[in-house]
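Have a look at the structure below, then the notes.
The values are calculated or read from the model by the stated rules, or taken from the named source; none is laboratory data. Note that this is a predicted model, so its numbers are computed, not measured. Because the Cβ atoms are built from the backbone with ideal geometry, glycine has one as well, and the counts that use them run over all protein chains shown. Heads up: the accessible areas ignore ligands, DNA and RNA and are worked out on the full protein's heavy atoms, side chains in. Shrake-Rupley method; radii C 1.70, N 1.55, O 1.52, S 1.80 Å.
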Amino acid sequence: MTKTILIAGGYGLVGSHIARHIRRLMPDARLLIAGRSPDKAAELVAELGNASACAMDSADPRAALAAAGPLDAMVCALQDPHDQLLAHAIETGCAHLSITRSVNDMASLLARTGNSTLQAPVIPTAHWQAGITTLAALDLVRSAFDRVDRISIAALFDMADPIGPMTLEDSGSFFGKAQVLRDGTWCWVDPDAEVASVPVAGETIETRPMSVLDVPSLRAVTHARDIEFRLGIGTSRGTRAGGAASHDMEITVEGIDASGTKLTRTRIVSDPRGQAELTATGAALAARRAVGSDGRPAPAPAVLMPEAILDAGEAMAELRTLGVTVEES
């Protein structure tokens, strides 16, 4: 059955990449590209096929959503300041995914979903790169570890890698108090007091801890007692090689293997297409799974993290087909 998917903010930098990846993964889907200026979506709509643009202001999207008709899923690549997009998804029974809801603003989602009877999954995908980072870490964990003690993740952002206006507006909040897990205790730390130089894909950069949903997600799945995510600015693999900026991450896992031997493994994930493409890949994979267009039944109507609905090994295989480097250092 043909699925109808609305992408709010679908003609922006990340949103347009999400639309293209959904089209790649779901050739028959009907796509609605929504935003304040639908004329800006004309070229993308023509490129995608079986797509249309619609005017929608996230501050008051009710009329646009009513005109859109029944939806199978809604992907939010913009802010939903009053939870109206979330409320519409819950009321009409379509799946809801958002790449913008951070650790700090999960409370309203939990309150609204916890006071509703869900008919379709609600999937917060505001992890770093829309869940790809957590999936890469879990794939590494499952390859060798019997017990995980520590997970440390560092991402390198190259200033030559384009970011959309929404990300630019949000960048000031990236380094507010950061949630980390230390010796099994949740802590909120001042990033400026925790600056550290760490290697990421061959470049040593100055990093600061940052709050991302990957940290609580990895705690829930692995039970590790120490987890942190760090972000720094540097020169990416792609730029160093004389090409376009890549988005690079280094994930280190410490623990023990099945024989009880201490083990440390490090994985590098590097997308030569940059951070927007990697985020879009994660969001599109989650969207396809949310509506059951991958040949399996759709997930249960519940609040589900991306790692709860996507197989980590399958996700890494998909990345490799797209030219993303996933390697042990």
Karplus-derived 3J(HN,Hα), 6.51/-1.76/1.60, for each residue of the stretch 65-74, Hz, glycine and proline x: 5, 5, 5, 5, x, x, 10, 8, 7, 10
Sequence-distant aspartates and glutamates (8 or more away, or on other chains) whose Cα lies within less than 19 Å of LYS3: ASP28, GLU47, ASP72, GLU91, ASP294
Value at 222 nm in deg cm²/dmol, rounded to 500, when DSSP H runs of n ≥ 4 in the chain each add -39,500 (n - 2.57): -9000 deg cm²/dmol
Cut-off under 5 Å, modelled amide H: who pairs with SER236 long-range: SER246
Among THR133, ALA55, ALA224 the positive-end extreme of the charge dipole of the chain (Cβ point charges): ALA55
Dipole axis of the chain (+1 Lys, Arg; -1 Asp, Glu on Cβ), positive-most option in ALA64, ILE233, TRP186: ALA64
Under-5 Å amide H pairs with ALA95, H placed in peptide plane, nonlocal only: ALA73, MET74
For the stretch 1-103: relative contact order, % (alpha-carbon pairs under 8 angstrom, 6 or more apart): 28 percent
Folded to 0 to 90 degrees: helix 275-290 orientation relative to the chain principal axis, Cα: 60 degrees
Gap separating the Cα centres of the stretch 81-101 and the stretch 1-39, nearest whole Å: 16 Å
Note, ³J(HN,Hα) from phi for the stretch 188-197, Karplus 6.51, -1.76, 1.60, rounded to Hz, x at Gly and Pro: 10, 10, 7, x, 5, 8, 10, 5, 8, 8
Solvent exposure of the stretch 1-71 as accessible area per residue, Å², 1.4 Å probe: 46 Å²
On Cα atoms only, tilt of 312-321 relative to the major axis of the chain in degrees: 80 degrees
DSSP bridge orientation in the chain - percent antiparallel, rounded to nearest 5: 55 percent
Euclidean distance of C-alpha centroids, the stretch 46-74 and the stretch 196-245, integer Å: 35 Å
Folded to 0 to 90 degrees: helix 13-25 orientation relative to the chain principal axis, Cα: 80 degrees
Neighbourhood charge, 9 Å Cβ-Cβ cut-off, centred on VAL195 and excluding it, Lys, Arg +1 and Asp, Glu -1: -2
